[in-house]
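Scroll down for the structure; my scribbles are underneath it.
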2 protein chains.
Amino acid sequence: MTDPAQILEPGARIGILGGGQLGRMLSVAAARLGFTTHIFDPSSAPPAGHVADRVTTAGFEDEAALRAFAETVDVITYEFENIPTAALDILEELKPIRPGREALRVSQDRLTEKTFLQDLGLATAPFAEVADAAELDAALEHVGTPSILKTRRFGYDGKGQVRLMDPSEAPAALAAMQGAPAILEGFVPFSHEVSVIAARSLNGKVACYDPAENVHLEGVLSTSTVPANLSTGQSMDAVLMAGKILNALDYVGVLGVEIFVTGHGLVVNEIAPRVHNSGHWTQEGCTIDQFEQHIRAIAGWTIGNGARYADVVMENLIGDDVDRIADLAKEPDCAIHLYGKTEAKPGRKMGHVNRVIRSEGRDGW
Amino acid sequence: MTDPAQILEPGARIGILGGGQLGRMLSVAAARLGFTTHIFDPSSAPPAGHVADRVTTAGFEDEAALRAFAETVDVITYEFENIPTAALDILEELKPIRPGREALRVSQDRLTEKTFLQDLGLATAPFAEVADAAELDAALEHVGTPSILKTRRFGYDGKGQVRLMDPSEAPAALAAMQGAPAILEGFVPFSHEVSVIAARSLNGKVACYDPAENVHLEGVLSTSTVPANLSTGQSMDAVLMAGKILNALDYVGVLGVEIFVTGHGLVVNEIAPRVHNSGHWTQEGCTIDQFEQHIRAIAGWTIGNGARYADVVMENLIGDDVDRIADLAKEPDCAIHLYGKTEAKPGRKMGHVNRVIRSEGRDGW
């Protein structure tokens, strides 16, 4: 049973940390359910600001701005996981944060996340903690090469990732970490990547969307396709993995789980405690999309059942892809979603399209 | 061929006169296509303001505010037809107004509208102009009773409508017009009402959605259902009527046509030069809904083909219907759309739901 005091009524205000495209689509979904939104973002004119009731432009280290923001809202959510811990400490004293701190604690640290997944009995890439040269040597023995050395925490420091093709590269790789705690991850030979977008309500109900199959280009998601190339058994396994993660985190909201499909089963790549690019297809494939699903969950409402009604291919519009809009608008079953970003830089996500394939329906008049 | 100079690029700003629920849903659709919006509305905190980039709170007689508004936008559209002519005169000197003045001229005057429809060869209720007592007597001879005397123009004066059951009631009815030019309209015996939501692009392409069947309660639209109870021939007739109206007006945007279904064919009740409550079902029934269709048309983009992919029953949430939200959220195929209005007055449209009936699809995980 959900405590009625935790349920938001229409008219309540939802605070969203981060005003990029995910915050923007969350804001629209919140409005559709009668909520207003307040965006907190360090950059001026964030995409979400065009469709939000209020915007605060301030950094996450600005305590006064954080407090003023929290004062105006009834619940706080976020569009990205790398929110500084100090900011969260301030906010959680004032208003509920959903999804909660545990999801952030786990997903902000690669080592914590991998250990968490392993403890749940889920397969991950081989990994080992690396704090110094001795640990890196031991890690290389355990994980082998090729492998990749990453800082444990990512967030705003932006420290890099270094690929190791041979143990002799260890000193240079370690130097690149600049003393930050690190993790060595092995490569997983996989045939393709899928993801499950899953949701859990305040009273513990879990619902998952069909797994999508993801294709990346130059490290950026290019397309997500439903249905994915999976057997029914694999789909069920993927969904059960997501459900297990949600329950273990006592999660409230939408979470994305990236999964490698290998000859030896499914391997979790990473989790994202938020709506996810690979779930954008739900906007055209489901009655209740991932954005509304997240808002419903954090508002304490009943969540949708995840049913899918069409095959969809989501394609990201990156950089000057956005120049193709006039042609895309001519495709009758191509739903366009642009993010209102003024400048199209290379690699920047400017929007996406959902191409909808339905077995029924007829031409219009 | 559309003049490329008339086509809006993403990033352009759309001005919307009126910030009610229609302006709100137009604003969200505009954002989805990468446009920003500027709402002009006399009331403070209009529903559309929560999801718009800018809001001007000013009356339609405020010339300075109108000019300042027009300066910031690339095209002007509207969510209601009764915009004072003087305001339109100011705005059209500054920026294109779409749909254009002709559509407003025709739909702002009941006599002009009925005459326009009749001249197109479309059936309407019998009607006659009434400027004085002598014309009312003549009109009653032509139209008969029961009939209804209405002011020709409606807009902001809010003058009433008087039903005449007997010619002896003529003097009292005429007095109620307070000297305003009027029209006497006869009753049409009809089995049910349908409406066609139709669109026309800047280069003259017409697309119509399937006719919806409308049920009113206490004078307010209660439900719209697709498919409507019409033969294929009747549906085709209804759609052709809408197309004829669009072409005759050289229309750009979405228009609603209300039609009575009678034993002697289809009779046009009235036209609305804007998105229409009876077209809200398109949000869940079509890839491109009526709001996006309108924005595409006024932006000079290719419009959608109107194809429908599901059966839908749209139900308006009026007054305290909004208290049923918790139950409505439990229905898996019920899409909720609330308007962000703070006070639920009797008769006030607070939101709507679209119940979606699909022949395919499966339960979620």
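The values are calculated or read from the model by the stated rules, or taken from the named source; none is laboratory data. This structure is a prediction, so every number in the text was calculated from the model and none was measured. Glycine gets a Cβ as well: all are built from the backbone with ideal geometry, and neighbour counts include every protein chain shown.
Within region A:80-102, does at least one residue satisfy the condition of being outside any helix (DSSP H, G or I), among the small types (Gly, Ala, Ser), modelled with pLDDT of 95 or more and under 24 Å from the mean Cα position of the chain (by Cα)?
yes
Within region A:300-310, is there a residue that is free of Cβ contacts under 8 Å to residues at least 60 places away in the same chain, among the β-branched types (Val, Ile, Thr) and at negative phi?
no
What number of residues within region B:194-212 are within 13 Å of B:Pro99 (Cβ to Cβ) and either surrounded by 24 or more Cβ atoms within 10 Å (Cβ to Cβ) or among the aromatic types (Phe, Trp, Tyr) (or both)?
So the answer is 3.
Do we have A:Glu360 as part of a loop (DSSP other than H, G, I, E, B) and either at pLDDT 95 or above or closer than 19 Å to B:Ala335 by Cβ (or both) here?
yes
Taking the options B:Gly279, B:Gly253, name whichever one is crowded, with 24+ Cβ neighbours inside 10 Å, in contact (Cβ under 8 Å) with a residue 40 or more places away in the chain and at positive phi.
B:Gly253
Step by step: first the residues of region B:19-62, then only those that are in contact (Cβ under 8 Å) with a residue 60 or more places away in the chain, buried (at least 24 other Cβ atoms within 10 Å of the Cβ) and in a loop (DSSP other than H, G, I, E, B), then the one that is nearest to the other protein chains (Cβ to nearest Cβ). Which residue is that?
Among those residues, the one meeting the criterion is B:Phe35.
For the structure I just gave you, tell me whether A:Thr302 is out of contact with any Gly (no Cβ under 9 Å at 6 or more places or on another chain), farther than 30 Å from B:Ile7 by Cα, at the interface with another protein chain (Cβ under 7 Å from one of its Cβ atoms) and polar (S, T, N, Q).
For A:Thr302, the condition - out of contact with any Gly (no Cβ under 9 Å at 6 or more places or on another chain), farther than 30 Å from B:Ile7 by Cα, at the interface with another protein chain (Cβ under 7 Å from one of its Cβ atoms) and polar (S, T, N, Q) - is met.
Going through region A:258-310 one residue at a time, which ones are of a type in the set (S, T, N, Q), farther than 22 Å from B:Val353 by Cα and in contact with a strand residue (DSSP E or B) (Cβ under 8 Å, 6 or more places away or on another chain)?
Within region A:258-310, A:Asn269, A:Asn277, A:Ser278 qualify.
May I ask you to list the residues in region A:335-347 that are more than 10 Å from every other protein chain (Cβ to nearest Cβ) and at pLDDT 95 or above?
Of everything in region A:335-347, nothing turns out to be more than 10 Å from every other protein chain (Cβ to nearest Cβ) and at pLDDT 95 or above.
Just to be sure before I move on: is B:Pro332 surrounded by fewer than 20 Cβ atoms within 10 Å (Cβ to Cβ), within 9 Å of chain A (Cβ to nearest Cβ) and at pLDDT below 95 in the structure I sent?
Taking the combined requirement at face value, the residue satisfies it.
Here is a yes/no grid of residues against (1) away from every other protein chain (no Cβ under 11 Å); (2) acidic (Asp, Glu); (3) touching a helix residue (DSSP H, G or I) at 6+ places or on another chain (Cβ under 7 Å):
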{"residue": "A:Val268", "(1), (2), (3)": "yes, no, yes"}
{"residue": "A:Arg274", "(1), (2), (3)": "yes, no, yes"}
{"residue": "A:Gln293", "(1), (2), (3)": "no, no, no"}
{"residue": "A:Val312", "(1), (2), (3)": "no, no, yes"}
{"residue": "A:Leu317", "(1), (2), (3)": "no, no, no"}
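Residues in region A:153-174: is at least one in contact with a strand residue (DSSP E or B) (Cβ under 9 Å, 6 or more places away or on another chain) and within 14 Å of another protein chain (Cβ to nearest Cβ)?
No, every residue in region A:153-174 fails to be in contact with a strand residue (DSSP E or B) (Cβ under 9 Å, 6 or more places away or on another chain) and within 14 Å of another protein chain (Cβ to nearest Cβ).
Kindly evaluate B:Ala207 against the criterion of being over 15 Å from the mean Cα position of the chain (by Cα), within 14 Å of chain A (Cβ to nearest Cβ) and not in a loop (DSSP other than H, G, I, E, B).
yes
Name the single residue that is surrounded by the most Cβ atoms within 10 Å (Cβ to Cβ) among those in region A:5-18 being closer than 12 Å to A:Phe35 by Cα and either of a type in the set (Phe, Trp, Tyr) or within 13 Å of chain B (Cβ to nearest Cβ) (or both).
A:Ile14
Considering every residue within region B:65-72, establish whether at least one is within 22 Å of the chain's Cα centre (by Cα) and either at pLDDT 95 or above or surrounded by fewer than 16 Cβ atoms within 10 Å (Cβ to Cβ) (or both).
Looking for residues that are within 22 Å of the chain's Cα centre (by Cα) and either at pLDDT 95 or above or surrounded by fewer than 16 Cβ atoms within 10 Å (Cβ to Cβ) (or both), one finds none in region B:65-72, hence no.
For the list (1) over 29 Å from B:Gly23 (Cβ atoms); (2) under 21 Å from the mean Cα position of the chain (by Cα), I need the number of the one condition that A:Ala30 fails.
A:Ala30 satisfies every listed condition except (1).
Is one or more of the residues making up region B:209-231 aromatic (Phe, Trp, Tyr), within 20 Å of B:Ala307 (Cα to Cα) and modelled with pLDDT of 95 or more?
Checking region B:209-231: at least one residue is aromatic (Phe, Trp, Tyr), within 20 Å of B:Ala307 (Cα to Cα) and modelled with pLDDT of 95 or more.
Here are the criteria: (1) touching a residue at least 40 places away in the same chain (Cβ under 8 Å); (2) under 19 Å from A:Trp365 (Cα atoms); (3) out of contact with any helix residue (DSSP H, G or I) (no Cβ under 7 Å at 6 or more places or on another chain); (4) not in a loop (DSSP other than H, G, I, E, B). Tell me which single one B:Thr223 does not satisfy.
The failed condition is (2).
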